[in-house]
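The next block holds one structure in the form of structure tokens; read it before the comments.
The values are calculated or read from the model by the stated rules, or taken from the named source; none is laboratory data. Owing to the predicted nature of the structure, the values given are computational and were not obtained by experimental measurement. Glycine also receives a Cβ, built like all others from the backbone with ideal geometry; neighbour counts cover every protein chain displayed.
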Amino acid sequence: MNKKVVIGIVISIIVVVLIAGGIIIFVTNGSKAKPEDIWQKYISCINERNYEEMYEMLTEESKTQISQENFISRNKNIYEGIDMTNMQVEITNIEEEKNNISKLSYKSTMNTEEGEVDFTNVVRLTKDKEKGYLINWSSSLIFPQLNNEDKVRIKTITAERGEILDRNGNLLAGKGTVSSVGIVPNKLGENKTTDIERIAQLLGTTSEAINKSLSASWVKEDTFVPIKKISTNENELKQQLLQISGVKITSASSRVYPLGESAAQLIGYVQNKSLEELEENRGKGYNSNSVIGKAGLEKVYEERLKGKDGVEIYIEDSEGNRKAEIAKIDVQNGEKIKLTIDSTIQTKLYNELKENEGFFVVMHPKTGAMLALVSTPSYDPNDFVLGMTTEKWNSIKDNESKPMLVRYLQTWCPGSTFKPITGAIGLTTGSLSTDDTFSYNGTSWKKDGWGEYDITTLTEYSGPKNLKNAIIHSDNIYFAQAAIQIGKNNFINGLKKIKFNENIEFDLSASKSQYSNNGDIGNEKLLADSGYGQGEILVNPIHMASIYSAFANDGNMVKPYLEYYENKKVEYLVEGAFSKEAANIIKEDLIQVIEDPEGTANDMKVSGRTIAGKTGTAELKGTKGAEAETLGWFDCFTTDSNNNQLLIISMVENGRPLGGSHYLIKKIKTLF
């Protein structure tokens, strides 16, 4: 075959293969691309942060005006500085001008952290014979008003975190005054090193940290260099510090918690965001200086309290003057949140119990408004805001009394305070009546076939073994037999009806009350123990407050709430939790627990007031041979028309040596 013919066949095959593969070289040549295609490609490069390729799309004349390094730096700093994303352009007009120049008019939109920015602009592209269309670039292509000498600035107006107030408008968390301890370098004495070590020791920091602050680039010899903020009432510490040459103390603003330890677990505290938290909350308006709620209501209400910083993006000329505004978001300060909490009750009860481990839950029995939520022992939330030493943190973290445990959010064995619930379930289901009596003698009883298992009660009493007397004298044996008579199904269904094994709707996350560990009461002994609040019964105190409110509200459980609203309509967690008749029978019996001279809470009697209440001692499983630890309980509510309406659920751990319920009664009576 002729050599030329062979070459021709080979070339033909190559062309066919190229066409079949969709590769048409001359079509993709830049010289054939339209000016609008080049501009759209440039915009794509902006979105992809591909600044090197953007520079290659400029005319040679443009490149003489700005180096690649400066071009990349300018575009990167501006676009990434405003956190630009999703730039889009809509070309509105194309004109052909002389000298192979095309003029494109377009509308540009982009998203920034401060919101959407849009503007109209013009770009000119010059056609090069070899490279096709190239862009005539200047800074005005970034923003129309921007010259090459101008700068794009971002100004942040920090939002003020919202306040948390009590029902009377008293501050629980908000902006306040603290003392800022600092050093004026040229005022330090001759023993500079020793003085700095002493300052570090007093403030719970290190000499290295102080020297680092003093060596910052902005520091001058007569500059006040802040080292640490402390509480304004740290008078002794301030006196010691002021004896050291160079120390100066000024006033500064900070988030403060006026009730301190009294409401720490309820209100919580804020701290600066960690790097991990900043990453997790990217795009939500936080920056390296932001604080975030770490515990309590500061954490629960974070979105409402934090507010939204105001931001301005503007152009500044070479002389530092503001030239044009690009975008602006007005500052939105955090919301002011008012609680139903009464600071006076909160503080008083905390001070009554602060040396012990326990809690008080105080609620209005008719409305469900929470008046106090106290957990003891506690910590000072101001320490977390101002910064605490490692030693201080360890003393809190390793404290066996667990000051950071929010006890009213946990579940506990309720002991005899559960007996009214058993009685109410029996009356409501018709499986127990006020006329039912049980026969037994002494303080110990067991059912045939139970072997060595006995149920004991504390004292004997005269009179029939009926519901009223059993509540007045807190008779374990009666309620064990009552639970058996009520029956497992009625008992469990009655507890399910009042929200056992369910989360209750509340601002703070409270543990679920339970009637058993596995959702069933597997045997008669466990049922009997459950009847008087032992067995595997665990109750959350806030839930218990709602249950007890049913005895004050014709059988309806009010819904507990924390946020204050004017003229709020009463809401019920469970309507008809118990029958009206059952609720009122139990209420009258609980009044006699206090009014009857033999009642277990007769020492709670207050002249001129009618109060219903129930004592309780929950016995916890201890090690073999050791005396079991006990929880002392006292639950009560007012039933008269006095304006000072209170429902109180209280508990103290290690109750036996303290006197249990009666220890709590002494403290609660101070409210009356």
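The table that follows gives values for the structure above.
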{"read-out": "Those residues of segment 367-424 which are in contact with an Asp or Glu (Cβ under 7 Å, 6 or more places away or on another chain) and hydroxyl-bearing (Ser, Thr, Tyr), in sequence order", "value": "THR376, SER378, TYR379, SER401, THR417"}
{"read-out": "Among (1) part of a loop (DSSP other than H, G, I, E, B); (2) assigned by TED's automatic domain parsing to the domain that holds SER579; (3) charged (D, E, K, R), the one test that LYS402 misses", "value": "(2)"}
{"read-out": "Residues being small (Gly, Ala, Ser), touching a residue at least 60 places away in the same chain (Cβ under 8 Å) and closer than 19 Å to ILE315 by Cβ - total across segment 109-152", "value": "3"}
{"read-out": "Qualifying residue in segment 26-46 (condition: assigned to a strand (DSSP E or B) and modelled with pLDDT of 90 or more)", "value": "no"}
{"read-out": "Boolean, LEU432 is outside any helix (DSSP H, G or I), in contact with a helix residue (DSSP H, G or I) (Cβ under 7 Å, 6 or more places away or on another chain) and in the same structural domain as LYS354 (by TED's automatic domain parsing)", "value": "yes"}
{"read-out": "Check on GLY426, in the same structural domain as SER549 (by TED's automatic domain parsing) and without any contact (Cβ under 8 Å) to a residue 40 or more places away in the chain", "value": "no"}
{"read-out": "Extreme residue, surrounded by the most Cβ atoms within 10 Å (Cβ to Cβ), among residues of segment 445-455 that are without any contact (Cβ under 8 Å) to a residue 40 or more places away in the chain and under 23 Å from SER433 (Cα atoms)", "value": "TRP445"}
{"read-out": "Contacts under 8 angstrom Cβ, first residue in segment 648-672 being within 16 Å of PHE418 (Cα to Cα), partner among the basic types (Lys, Arg) and surrounded by 16 or more Cβ atoms within 10 Å (Cβ to Cβ), 6 or more apart", "value": "SER650/LYS667; MET651/ARG407"}
{"read-out": "Residues satisfying the stated conditions in segment 435-461, i.e. out of contact with any Ser or Thr (no Cβ under 6 Å at 6 or more places or on another chain) and not in a loop (DSSP other than H, G, I, E, B)", "value": "TRP445, ILE455"}
{"read-out": "Count - residues of segment 53-74 that are more than 17 Å from ILE38 (Cα to Cα) and touching a residue at least 12 places away in the same chain (Cβ under 8 Å)", "value": "7"}
{"read-out": "Within segment 108-196, strands (runs of 3 or more DSSP E) holding 2 or more residues that are in contact with a strand residue (DSSP E or B) (Cβ under 6 Å, 6 or more places away or on another chain) and surrounded by 19 or more Cβ atoms within 10 Å (Cβ to Cβ)", "value": "115-128, 132-135, 171-183"}
{"read-out": "The lone exception for SER579 - which of (1) of a type in the set (Ser, Thr, Tyr); (2) in contact with a strand residue (DSSP E or B) (Cβ under 7 Å, 6 or more places away or on another chain); (3) touching a residue at least 60 places away in the same chain (Cβ under 8 Å) it fails", "value": "(2)"}
{"read-out": "Single residue of segment 413-426 satisfying the filter (surrounded by 24 or more Cβ atoms within 10 Å (Cβ to Cβ) and among the hydrophobic types (A, V, I, L, M, F, W, C)) that is farthest from ALA545 (Cα to Cα)", "value": "ILE425"}
{"read-out": "Strands (runs of 3 or more DSSP E) wholly inside segment 298-378 containing at least 1 residues that are within 30 Å of TYR79 (Cβ to Cβ) and of a type in the set (A, V, I, L, M)", "value": "310-316, 322-329"}
{"read-out": "Pair list, Cβ under 6 Å, 6 or more apart: segment 368-397 residue surrounded by fewer than 20 Cβ atoms within 10 Å (Cβ to Cβ), other residue in a loop (DSSP other than H, G, I, E, B)", "value": "THR389/GLY204; ILE396/TYR379; ILE396/PRO403"}
{"read-out": "Residue satisfying all of: in segment 287-301; crowded, with 19+ Cβ neighbours inside 10 Å and not hydrophobic (A, V, I, L, M, F, W, C); modelled with the lowest pLDDT among these", "value": "SER290"}
{"read-out": "Residues of segment 488-533 that turn out to be under 34 Å from the mean Cα position of the chain (by Cα) and of a type in the set (Lys, Arg), as a count", "value": "4"}
{"read-out": "Any hit, segment 152-165, residues being in contact with a helix residue (DSSP H, G or I) (Cβ under 8 Å, 6 or more places away or on another chain), modelled with pLDDT of 95 or more and of a type in the set (Gly, Ala, Ser)", "value": "yes"}
{"read-out": "Residue within segment 253-274 that is outside any strand (DSSP E or B), modelled with pLDDT under 95, more than 19 Å from GLY174 (Cα to Cα) and of a type in the set (D, E, K, R) present", "value": "no"}
{"read-out": "Members of segment 573-585 that are within 11 Å of ILE498 (Cα to Cα) and either assigned to a loop (DSSP other than H, G, I, E, B) or at pLDDT below 95 (or both)", "value": "GLU575, GLY576, ALA577, PHE578"}
